[in-house]
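Asker: Dumping the structure here so I can ask a few things about it.
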Amino acid sequence: MKIKTLLARTSSIALLLALASPFSAQAVTPTSRVLTLGSSAAGAVTTYSFGFKPGTTGNIGAIKFEMCDSPLEAIGCVNSGDSNGVSFTSNTATISAQSGISGFTAGTGTPPAPTTNAFRITNGTPQNINTSTTVTLTLQNVHNPSASNKQFYGRITTYSDSSGTVEVDFGSVAVSTANQIVVSGTMPESLVFCVGTSGTDCSNMTGSAVSLGVFSPVATNTGTSLMSASTNAGFGYAITLTGTTLSSGANTITAMGTQSLNSAGCSPSCTSTTGTSQFGTNVKSNATPTVGNNVSGPGTSVGVGGYNTANAFRHFTGDTVASVSGVTNTNLFTNSYIVNVGGDQAAGVYTATLTYICTATF
């Protein structure tokens, strides 16, 4: 009685060992096994790229690729079908690339054509492949399992004959579908605009006062301020300037350029002349006098009209000084100011409050 019990237990252990091994007792295991999915999304129609090195040097006449719920060759390849498992047939999988082997085609007859979860390839003339050769096969139009985060196994079986009856190697590789992460956010209508006297953009723009120094009939006084703008408005933006010319009580310094809205005229003069009372601005790099910088930054905005010509200046309240006709990244503008005075300019502290207004059109 004790002997029978021992035999029964021994048989049970042998059965468990057979189930635990994912490989055939007769076959050699291929090395460097890999299965790369073009997409891990559930239900996606994608590519499956198999790769391996044969475990045995010798002829390969057929290869079977199976997609199963288990890696164990001792267990039949269970696949729940197109509603949940891999399918090679619902979208007619085909060979798109092969390397390490050549001339293999989808099986017809023996070995049979692809089934729902098996794809067999064959060559009428078996090829001798050694263990150092990496064999790859890419299939397209393979239908992933419809369940997310589902693990399954790709089995690879090689045969020495073209009919797929003499097994040589067997191995498997685990793969899985995965949830697709959707990352989203909202970009609202945007107009970023700032004005100051120092900085590079609206993240660090500061300052609000520009000192033009002490005026003299024999010198030109200069100063600068800055403005930065960007927008996703489909029709861009326009920056306008409002504010009177420099004044001290009832006394003023003549504004440069023809005094009508957005005029290109230069009467009074648009060029700097020492000894003549004049005040003007532009958004250019100037040599006479030396002041200012051209528009910079990755955006596409530019100066407008009389404010966009080097060594030419104007000032008229309501003028457009810069604009862009569509969406634009950030531009940095340097507003250059010049003052000349005649010998008869009345003494006093001269000031002007200038307001830049950026209007976007969506």
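Asker: Tell me, yes or no, whether the range 290-308 has at least one residue that is in contact with a helix residue (DSSP H, G or I) (Cβ under 9 Å, 6 or more places away or on another chain) and within 26 Å of V192 (Cβ to Cβ). Lay out the reasoning, then the answer.
Answerer: Let us first name the residues in the range 290-308 that are in contact with a helix residue (DSSP H, G or I) (Cβ under 9 Å, 6 or more places away or on another chain), namely none.
The answer is no, given that none of the residues of the range 290-308 is in contact with a helix residue (DSSP H, G or I) (Cβ under 9 Å, 6 or more places away or on another chain) and within 26 Å of V192 (Cβ to Cβ).
Asker: Inside the range 87-189, counting only strands (runs of 3 or more DSSP E) that do not spill past its ends, which hold 3 or more residues that are under 22 Å from I60 (Cα atoms) and more than 37 Å from the chain's Cα centre (by Cα)?
Answerer: Numbers: elements: 94-99, 118-129, 135-143, 151-159, 167-176.
So the answer is 118-129, 151-159, 167-176.
Asker: Which pairs have Cβ atoms under 9 Å, sit 6 or more apart or on different chains, and link a residue in the range 201-212 that is closer than 18 Å to V295 by Cα to one that is assigned to a loop (DSSP other than H, G, I, E, B) and β-branched (V, I, T)?
Answerer: M205/T197
Asker: Being free of Cβ contacts under 8 Å to residues at least 40 places away in the same chain, assigned by TED's automatic domain parsing to the domain that holds P54 and among the small types (G, A, S) is the requirement here; does G100 meet it? First the steps, then the outcome.
Answerer: Values: free of Cβ contacts under 8 Å to residues at least 40 places away in the same chain: yes; assigned by TED's automatic domain parsing to the domain that holds P54: yes; among the small types (G, A, S): yes.
Yes, satisfied.
Asker: Looking only at residues that are in contact (Cβ under 8 Å) with a residue 40 or more places away in the chain and over 20 Å from G38 (Cα atoms) in the range 103-119, which one is surrounded by the fewest Cβ atoms within 10 Å (Cβ to Cβ)? Write out each step before concluding.
Answerer: So the first thing to find is which residues in the range 103-119 are in contact (Cβ under 8 Å) with a residue 40 or more places away in the chain, and the list is 104, 107, 110-111, 117-119.
Still in the running and over 20 Å from G38 (Cα atoms): 104, 107, 110-111.
Values: F104: 21, G107: 22, T110: 13, P111: 22.
Out of the qualifying residues, it is T110.
Asker: Looking at T290, T242, which is the one that is surrounded by fewer than 16 Cβ atoms within 10 Å (Cβ to Cβ) and under 23 Å from F215 (Cα atoms)?
Answerer: Details: T242 fails: under 23 Å from F215 (Cα atoms).
Only one candidate qualifies: T290.
Asker: What number of residues within the range 144-162 satisfy the criterion of being of a type outside the set (F, W, Y) and at pLDDT 95 or above?
Answerer: Narrowing the range 144-162 to residues of a type outside the set (F, W, Y): 144-151, 154-158, 160-162.
Within this subset, residues satisfying the condition of being at pLDDT 95 or above are 154-158, 160-162.
Residues meeting the conditions: 8.
Asker: Surrounded by 12 or more Cβ atoms within 10 Å (Cβ to Cβ), closer than 24 Å to P289 by Cα and in contact with a Pro (Cβ under 7 Å, 6 or more places away or on another chain), is that true of T220? Full working, then the answer.
Answerer: Working: surrounded by 12 or more Cβ atoms within 10 Å (Cβ to Cβ): yes; closer than 24 Å to P289 by Cα: yes; in contact with a Pro (Cβ under 7 Å, 6 or more places away or on another chain): yes.
The answer is yes for T220.
Yes/no matrix, rows are residues, columns are (1) crowded, with 17+ Cβ neighbours inside 10 Å; (2) at pLDDT below 95; (3) assigned by TED's automatic domain parsing to the domain that holds S172; (4) not in a loop (DSSP other than H, G, I, E, B):
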{"residue": "Q26", "(1), (2), (3), (4)": "no, yes, yes, no"}
{"residue": "S32", "(1), (2), (3), (4)": "no, no, yes, yes"}
{"residue": "T36", "(1), (2), (3), (4)": "no, no, yes, yes"}
{"residue": "Y48", "(1), (2), (3), (4)": "yes, no, yes, yes"}
{"residue": "G51", "(1), (2), (3), (4)": "yes, no, yes, yes"}
{"residue": "I60", "(1), (2), (3), (4)": "yes, no, yes, yes"}
{"residue": "E73", "(1), (2), (3), (4)": "yes, yes, yes, no"}
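Asker: Additional query: I'm told T309 meets every condition in (1) among the polar types (S, T, N, Q); (2) over 23 Å from P268 (Cα atoms); (3) assigned to a loop (DSSP other than H, G, I, E, B) except one. Can you identify the failing condition by its number?
Answerer: (2)
Asker: Would you call G342 at pLDDT 95 or above, assigned to a loop (DSSP other than H, G, I, E, B) and surrounded by fewer than 18 Cβ atoms within 10 Å (Cβ to Cβ)? Show your work before the answer.
Answerer: Values: at pLDDT 95 or above: yes; assigned to a loop (DSSP other than H, G, I, E, B): yes; surrounded by fewer than 18 Cβ atoms within 10 Å (Cβ to Cβ): yes.
Yes: the conditions hold for G342.
Asker: So which residues in the range 239-267 are closer than 16 Å to D319 by Cα, assigned to a loop (DSSP other than H, G, I, E, B) and not polar (S, T, N, Q), if there are any at all?
Answerer: G243, M256, G257, L261, A264, G265, C266
Results for (1) of a type in the set (S, T, Y); (2) part of a loop (DSSP other than H, G, I, E, B); (3) not assigned by TED's automatic domain parsing to the domain that holds T240, shown as yes or no for each residue.
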{"position": "S269", "(1), (2), (3)": "yes, yes, no"}
{"position": "G275", "(1), (2), (3)": "no, yes, no"}
{"position": "G280", "(1), (2), (3)": "no, no, no"}
{"position": "G299", "(1), (2), (3)": "no, yes, no"}
{"position": "T320", "(1), (2), (3)": "yes, no, no"}
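Asker: Identify the single condition in (1) at pLDDT 95 or above; (2) outside the structural domain of T328 (by TED's automatic domain parsing) that P114 does not satisfy, given that it satisfies every other one.
Answerer: With respect to (1) at pLDDT 95 or above; (2) outside the structural domain of T328 (by TED's automatic domain parsing), P114 is out only on (1).
The values are calculated or read from the model by the stated rules, or taken from the named source; none is laboratory data. Just so we're clear, the structure is a prediction, and the values are computed from it rather than from any experiment. Methodologically, a virtual Cβ is constructed for each residue, glycine included, from the backbone with ideal geometry; neighbour enumeration extends over all protein chains shown.
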